[in-house]
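The values are calculated or read from the model by the stated rules, or taken from the named source; none is laboratory data. Just so you know, these numbers come straight off a predicted model, no measurement behind them. A quick note on method: Cβ atoms are made from the backbone with ideal geometry, for glycine too, and the neighbour counts reach across all protein chains shown. To get the accessible areas, we keep the full protein, side chains included, count just its heavy atoms, and leave off ligands, DNA and RNA. Shrake-Rupley method; radii C 1.70, N 1.55, O 1.52, S 1.80 Å.
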Amino acid sequence: MPSLTKLLKVPVALALAASFTVPAVPQEPSQGPTLRSTVNLVNLFATVRDKNKRIVGDMKQEDFKVFEDNQEQKIAFFSKEVTLPITLGLLIDTSGSEQNRLGAEQEAASRFLDRVMRKGDEAMVISFDLDVDLLADFTDDRAQIERAINKARIGVISGGVVTPGTIPSNTGGTHFYDAVFLACNDKLVTEAGRKALVIITDAQDEGSKLRLEEAIESAQRTDTVIHVLLVHDPGYGWRPDVARKLSDETGGRTIEVSSEKKLNEAFDQISEELRSQYTLGYYPSNTVKDGRFRKVKVEASNKDYKILTRKGYYAPKN
């Protein structure tokens with residue numbers, strides 16, 4: 001599988017074709033707190049909020065029920081995760097629609113990563129517009145991450161390309177879906193533990209080689225949660241429906257952001273959620289290795305609670 005950093009001069013079309021023609025190594029769920037690979041155990045990271053949208057942090061294993069394809073599963077592993085390392089991907093929309101707010105987004109993103117990152121965590125920074133730029137590969141060096149955030153530049157002004165991207169394209173537009181796919185399929189695929197993408201965008205895609213469904217599948221196959229901070233500038237299109245589909249299907253959240261204050265509040269909410277999760281692990285009663293998508297649902301004994309977790313996973317394949 002070609003890596004994003006090795007595709008510096010390869011067009012998106014060829015890069016994505018290569019990603020599909022090279023046989024993929026099945027991504028197997030992680031096992032328990034040591035995150036060893038296994039073909040059996042399915043891990044779910046869950047955030048619980050009450051009816052007032054406050055984080056609930058005192059739940060026990062017996063307070064949860066897990067269902068796979070409507071069949072209840074026996075929970076084999078449970079813990080409250082506050083110290084398990086997080087691998088973060090920060091994706092910044094640098095298309096023309098963001099030119100009036102990019103500076104505020106960069107400042108808020110830097111504060112967010114400074115707050116959320118702890119020892120053992122790593123982050124990468126990607127910008128996307130006409131192309132997808134890897135501004136910083138995974139690192140725990142906060143200064144390097146901040147420099148990468150500040151390197152992001154608007155890629156389209158009055159129809160002209162200002163900065164050449166690492167994966168150039170001639171189709172124009174905003175390659176949102178391609179950026180999500182490459183972040184998951186080329187970068188997060190090799191990472192273990194908790195993985196999340198935090199994306200600042202209006203969710204408007206123009207020109208991607210891939211469809212929304214393929215972007216979502218890449219996140220599901222790599223167990224990546226997607227959080228979208230949905231920004232909108234009058235005069236430009238936006239797609240709240242796309243943002244919510246990405247986040248809902250992967251166990252994340254979409255937060256609409258209308259001001260710099262709201263942007264900082266949204267980052268604070270994501271930070272709180274990343275540090276207030278439960279881990280639920282189970283051995284599926286369906287042991288067939290058919291590579292198919294399995295729907296997962298987690299319920300709380302308190303019906304007033306809302307649980308945020310991914311909606312399924314892909315079974316191993318023989």
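Among the residues of the range 265-293, what is the count of those that are surrounded by 17 or more Cβ atoms within 10 Å (Cβ to Cβ), under 20 Å from the mean Cα position of the chain (by Cα) and over 15 Å from V116 (Cα atoms)?
3
Identify all residues within the range 239-292 that are of a type in the set (F, W, Y) and more than 24 Å from N52 (Cα to Cα); write none if there are none.
Y282, Y283
On the phi > 0 side of the Ramachandran plot, surrounded by fewer than 14 Cβ atoms within 10 Å (Cβ to Cβ) and modelled with pLDDT of 85 or more, is that true of N52?
Against the criterion (on the phi > 0 side of the Ramachandran plot, surrounded by fewer than 14 Cβ atoms within 10 Å (Cβ to Cβ) and modelled with pLDDT of 85 or more), N52 does not qualify.
Applying the selection to the range 64-78, what residues are of a type outside the set (F, W, Y) and in a strand (DSSP E or B)?
K65, V66, E68, Q71, E72, Q73, I75, A76
Regarding the range 70-82, can at least one residue be identified that is at pLDDT below 90, within 22 Å of the chain's Cα centre (by Cα) and more than 29 Å from G291 (Cα to Cα)?
Looking through the range 70-82, at least one residue is at pLDDT below 90, within 22 Å of the chain's Cα centre (by Cα) and more than 29 Å from G291 (Cα to Cα).
Limited to the range 228-257, what total is found for residues that are small (G, A, S) and over 18 Å from A46 (Cβ atoms)?
Number of matching residues: 3.
Return the total of residues in the range 89-145 being among the aromatic types (F, W, Y) and buried (at least 19 other Cβ atoms within 10 Å of the Cβ).
Counting residues in the range 89-145 that are among the aromatic types (F, W, Y) and buried (at least 19 other Cβ atoms within 10 Å of the Cβ) gives 2.
Within the range 294-306, is even one residue surrounded by fewer than 19 Cβ atoms within 10 Å (Cβ to Cβ), within 22 Å of the chain's Cα centre (by Cα), over 14 Å from V42 (Cβ atoms) and hydroxyl-bearing (S, T, Y)?
No, the conditions are met nowhere in the range 294-306.
Of all strands (runs of 3 or more DSSP E) completely enclosed by the range 218-299, which ones contain at least 3 residues that are touching a Ser or Thr at 6+ places or on another chain (Cβ under 8 Å)?
Answer list for the range 218-299: 224-231, 277-282.
Would you please list the contacts, defined by Cβ atoms under 6 Å and residues six or more apart or on different chains, that run from a residue in the range 174-194 that is free of Cβ contacts under 8 Å to residues at least 40 places away in the same chain to a residue that is surrounded by fewer than 24 Cβ atoms within 10 Å (Cβ to Cβ) and hydrophobic (A, V, I, L, M, F, W, C)?
Hits for this filter: Y177/L210; Y177/L212.
Being under 13 Å from the mean Cα position of the chain (by Cα) and open to solvent by 10 Å² or more (accessible area, probe 1.4 Å) is the filter here, so list the residues in the range 195-207 that pass it.
Across the range 195-207, the qualifying residue is only K195.
In the range 300-315, which residues are over 21 Å from A219 (Cβ atoms) and part of a loop (DSSP other than H, G, I, E, B)?
Hits for the range 300-315 are S301, N302, K303, D304, Y305.
Does the range 243-264 contain at least one residue that is under 20 Å from the mean Cα position of the chain (by Cα), modelled with pLDDT under 90 and open to solvent by less than 30 Å² (accessible area, probe 1.4 Å)?
The answer is yes, given that some residue of the range 243-264 is under 20 Å from the mean Cα position of the chain (by Cα), modelled with pLDDT under 90 and open to solvent by less than 30 Å² (accessible area, probe 1.4 Å).
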